[in-house]
Amino acid sequence: MEPLEQKFERRDFGWLFAMSILFFGLVAAGLWQEYKTAWRPYQERFRLVLAQQGQLRQARSFSVGIQQIWIPDLGVVDRCVTCHLGYDYMGVLPADLAQPLTPHPLPALIHHHGFNRFGCTPCHGGQGWATETTAAHDPGDSWNDPMLTPRLAASYQMTVGELLQMRCNFCHRQEQTTPGMDAINLAKQLYQTKKCAVCHMVDGRGGHSAPELTYEGDVNPELLDFSHLKGPHTLFNWEYQHFIAASALLPTTAMPDYGMTPPQARAMTLLMLSWKHLTYPPQYIPAPPPNHSP
Amino acid sequence: MNRRLQAWWRKGLWAWNPASERESAEAIVRNLWLHWFPAKVSQRSMSWSYSLWLGTAAACLLTILTVTGVMLMFFYTPSIERAYGSIKDLQYAVSFGRLLRNQHRWAAEGMVAIVFLHMARVFFTAAYRGPRALNWLIGVILLLATLLLSFTGYLLPWDQLAFWAITVGTSIASQAPIVGPTIRYLLLGGHLVGQQTLLRFYVLHVFFLPALIWILFAYHMWRVRKDGGLAVLESGRAARLMQPKAMPASKSYSLFGLTPGTSVAVMSSMGLEESEQVPASPTLTRRIALVFLVVFNLTLALALLFDAPLQTIANPAVTPNPAKAPWYFVWLQELVASTTVRLGDFTLSGGLLGGVLVPVILLALLVAWPFLDRSSRACEGLWFAKERARQNLTFLAISLAIAALIFIGVFLRGPYWHLYWLTTPRPTMPRVL
Amino acid sequence: MDSHRRQLLRWFGKGSVVAAFLAQIGAAARAFLPNVLYEPPTSFKLDSPTDYPQGYTFDSEHRLFVIRQADRFHVISAICTHLGCTVQWRGTEFDCPCHGSRFRPDGSVIGGPAPRPLPWFEVSLSPDGLLEVDSAQTVPAGSSLKLPAKA
């Protein structure tokens, strides 16, 4: 080799070697990252649990991998069940099995809302597409349908069961009362007794002197006046304050101060937030009771 | 067995590891991949500090983008109902999908930056003079194609970031006088950003623009060969004395038979001293492999560490606050936002001034500059030649101004386009829950 | 650096690149094997066994027959093994309307172009007491699920 060639070979060799090793290391890191998923250890633990609990056929036929509930009618792709593997084993696996393997705690509810028809996210919110914990439960800016967690509910002085009723009403909106939806039932009753329809229009019925509420849950929070609101600037708080004392929120409002108790105001807020532009295929809308008068 | 394996190995890969200078030259002629290199390159072309190998880095990024892009095509669906879900699937359900998408995104951002830096290098070294002016023009088209590729790709995830960035970008384009609205109508396939827009941008992004860029890239490389290599070879050309060489001995034929004598000797300053040259295979190929590995490692490392952004699904009814163009266009958005001039009843739209006039003028300057440059040819191939100080400073000033506007647009603009310093907390926007 | 060590490093470096490159090819190939399928699941639950009458019940959604004989259950696929049409139960045999294949009550072929008997799917009792079918698992003809005696 000519001396000039040798000079280049000598100088480049070291760097080429270093970059080659780095290349190898980065590709290995990529393979490791792909293998080291959050869900794999849960699935392996679940297989053991199945065997321990005597579900031998299930344990044998269990295959490790991403699971999903796909409901094309609703556009639901729920991969929650990749980690929450015990969901369908109500009454079979112990109810106190540690999360994420815990069976669903409400078998009576599930009897009417089977997993293969509803999935998980229509009731619980959250990002069904995700196979990582944070992305699924608390996706932040990348998903606008937050999961209704106990912590979120507690921040509004509610239980998860109460907060979830907001989503129940997405389908059960046209019913006057629904078993299991105590807060929403109360709110619908209050809507009648407080005669909100005198001023507000909902579903084509009501007055014109106040804003229409048919899709109140879709209001853009950025357009609201929060200047008199204490606490976090959320649509929930804004609505809630309306039912406690509307004039404290908007001094020029014509809405009287109803002086509702906090549970009543919370129930009404859940009702307001449940009224959104949502369309479901007809088989998901519960039939009205026989003597339903619109 | 081992010897047979070695012989087979040698037969396949001799061109990449030539054992002699003759083999090296033959490799260029006989190997498909190597045929576009010259048999030898000047050692000055190999300099890191001259070109920073930015053009090579851009080509490496183009390769990475093409390969990752073709793979992504198997998983992405260009329909407004399915696009977002297909990206989510890539992120969570496709093996190595996250890495694939991330590497594509970071390589794309890197390519816009590297292509600009490459252009800056060519400018500062006056490597666009003389016959290289044509290659400079091809380079400008390549720059525009790169920006368009990035812009069309930006829409494909169909999230809020994509939808509104393209809304802002195409609105800026519509400010062009007379043809603006038609350009927007053609780009969008209608009046609104919708399915037609997504499909057009997709076809442009996966077929027409890559085809354009690869064909022009090949032409760009061909022009480098035709122009006599990198411009660094031009500098000091005058200093190289034309010295008569010893006449090479040879035979010639005369009426009296074979006589010894001399043959035609070509004397030219274009001819480079052999002592300054190295064979392209393996010296140049090794260097390119090194640049490729550096670039690939960088994009892979970024892909491992940082996820490509993805916001909520596109919602035409809700504008994010603020809505920003992609970073390489956000300087235009800054100009548009701040150059509206009101004189009494008359308003000159910032969209026209900042969004159309300024980039058109800058583009016109870029295109015309090789023909307006009056500095002497001795500056070619030299970094920051003194004679070119004014034009270099102007270019630098404009580049820094654009960079500053990009910095402001990306980092200092918050809700309602108000200015916030880096450490000032942004107001938390109201949420539903 | 002496040339032997250099040679070793060279091979090590090239080996790393080749190995990493092959790993990348492997990863790309793996990416094309879907981890999730947008298809109906192959394992699914039917109704409670007490809901099924004696004899042959056609399930059009899942394209299979649930056959009950006293307290024993088995499931036969209704997908013709010729070219995939849905066969019909005629009381004494299965007939395929597309190309005339005929099958005995146990799924074996009487005549026609069908090359194989109708497969029997694995049927079991789910933890919540419903019939559960795994259409990805075939079992030998003759096997059946016996309902546990009521406690």
For this session: With θ set to phi - 60°, apply the Karplus curve 6.51 cos²θ - 1.76 cosθ + 1.60 along the stretch B:290-304 and write out the HN-Hα couplings as whole Hz, x wherever there is a Gly or Pro.
Result: 5, 4, 4, 4, 4, 5, 5, 4, 5, 5, 5, 4, 4, 5, 5
For this session: Mind telling me which of A:MET90, A:MET255, A:MET19 comes out most flexible in a GNM of chain A, alpha-carbon contacts under 10 Å?
Result: A:MET19
Exercise. Tell me, what ³J(HN,Hα) does each residue in the stretch B:145-161 have, in order and in whole Hz, if you take phi through Karplus 6.51 cos²θ - 1.76 cosθ + 1.60 with θ = phi - 60° and put x for Gly and Pro?
Worked result: 4, 4, 4, 5, 4, 5, 5, 5, x, 4, 6, 4, x, 6, 9, 4, 4
Exercise. Averaged over peptide B:285-293, how many Cβ atoms belonging to another chain are found within 10 Å of each residue's Cβ?
Worked result: 4
Exercise. To the nearest 10 degrees, how steep is helix C:3-31 against the longest Cα principal axis of chain C, on a 0 to 90 scale?
Worked result: 20 degrees
Exercise. Got a sec to turn the phi values of the stretch C:141-147 into Karplus ³J(HN,Hα) couplings, 6.51 cos²θ - 1.76 cosθ + 1.60 with θ = phi - 60°, whole Hz, x for Gly and Pro?
Worked result: 4, x, 6, 8, 9, 9, 5
Problem set entry | Rounded if a/c under 1.5, otherwise prolate or oblate - the protein assembly as shown, Cα gyration tensor axes | oblate
Problem set entry | For C:CYS85, residues with placed amide H under 5 Å, excluding near neighbours | C:CYS80
Exercise. What is the spin-label model distance, in nm, from A:ASN116 to C:LEU8 if the labels are put 7 Å beyond Cα along the C-beta direction?
Worked result: 6.3 nm
Exercise. Using modelled amide H (1.01 Å from N, peptide plane; none on Pro or chain starts), what sits under 5 Å from the amide H of C:GLN137, excluding residues fewer than 5 places away?
Worked result: C:GLU122
Exercise. When the Cα centres of the stretch C:12-36 and the stretch A:1-76 are compared, how far apart do they sit, in Å?
Worked result: 11 Å
Exercise. Cα gyration tensor of the stretch B:298-433, axes a ≥ b ≥ c as square roots of the eigenvalues: rounded (a/c below 1.5), prolate (a/b > b/c) or oblate?
Worked result: oblate
Seminar exercise, completed: 1/(1 + (r/R0)^6) with r = Cβ-Cβ of C:CYS98 and C:ILE25, R0 = 45 Å, i.e. FRET efficiency to nearest 0.05, evaluates to 0.55
Exercise. Could you put A:GLU216, C:GLU39 in order, starting from the residue whose Cβ has the fewest other Cβ atoms within 10 Å?
Worked result: C:GLU39, A:GLU216
Exercise. Once label points are set 7 Å from the Cα along Cα→Cβ at both A:VAL92 and C:THR138, what is their separation, rounded to one decimal in nm?
Worked result: 2.6 nm
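Rounded if a/c is under 1.5, else prolate if a/b is larger than b/c, else oblate: which is the stretch C:31-111, with a ≥ b ≥ c the root eigenvalues of its Cα gyration tensor? Let's see the in-between values first.
Values: a/c = 2.66, a/b = 1.23, b/c = 2.17.
Taking the square roots of the gyration eigenvalues as a ≥ b ≥ c, the stretch C:31-111 is oblate.
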Seminar exercise, completed: For A:TRP129, the residues 5 or more places away or on another chain with a placed amide H closer than 5 Å to its own amide H are A:ARG79
Problem set entry | Mean-position separation - Cα centroids, the stretch C:130-149 and the stretch B:6-43, in angstrom | 66 Å
Seminar exercise, completed: By Cβ neighbour count within 10 Å, fewest first, A:HIS104, B:HIS191, B:HIS220 rank B:HIS191, A:HIS104, B:HIS220
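Taking Rh as the Kirkwood radius computed over C-alpha pairs, what is the Stokes-Einstein D of chain A at 20 °C in a medium of viscosity 1.002 mPa s, expressed in µm² per second?
It diffuses with D of about 93 µm²/s by this estimate.
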Exercise. For chain A, what does -39500 (n - 2.57) per DSSP helix run (n ≥ 4), summed and divided by total residues, give at 222 nm, in deg cm²/dmol to the nearest 500?
Worked result: -13500 deg cm²/dmol
Exercise. Per Stokes-Einstein, at 37 °C and 0.692 mPa s, what whole-number D in µm² s⁻¹ belongs to the stretch A:146-243, with the Kirkwood radius over Cα pairs as the hydrodynamic radius?
Worked result: 220 µm²/s
Seminar exercise, completed: So the angle from the long Cα axis of helix A:39-52 to the longest Cα principal axis of chain A, reported in degrees to the nearest 10, equals 80 degrees
Exercise. Going by alpha carbons, how many degrees (0 to 90, nearest 10) lie between the helix axis of A:160-172 and the longest principal axis of chain A?
Worked result: 70 degrees
Seminar exercise, completed: Expressed in Å to one decimal, the Kirkwood Rh of chain B from all distinct alpha-carbon pairs is 25.2 Å
Exercise. What is the Cα radius of gyration of the stretch B:1-90 over 2.2 N^0.38 Å, N being its residue count?
Worked result: 1.73
Problem set entry | Share antiparallel - DSSP beta bridges, the protein assembly as shown, percent rounded to 5 | 100 percent
Exercise. In peptide A:61-73, how many Cβ atoms from other protein chains are near each Cβ within 10 Å, on average?
Worked result: 3
Exercise. Averaged over C:4-10, how many beta carbons belonging to a partner chain fall within 10 Å of each residue's beta carbon?
Worked result: 2
For this session: Starting with the fewest neighbours, write out B:GLU23, A:GLU132 ranked by other beta-carbon atoms found within 10 Å of each beta-carbon.
Result: B:GLU23, A:GLU132
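Each reported figure results from applying straightforward, stated rules to the coordinates on display, with no laboratory input. Note that the structure is a prediction, hence the values are computed from the model and not measured. Every residue, glycine as well, gets a Cβ built from its backbone with ideal geometry; the counts of neighbours run over all protein chains shown.
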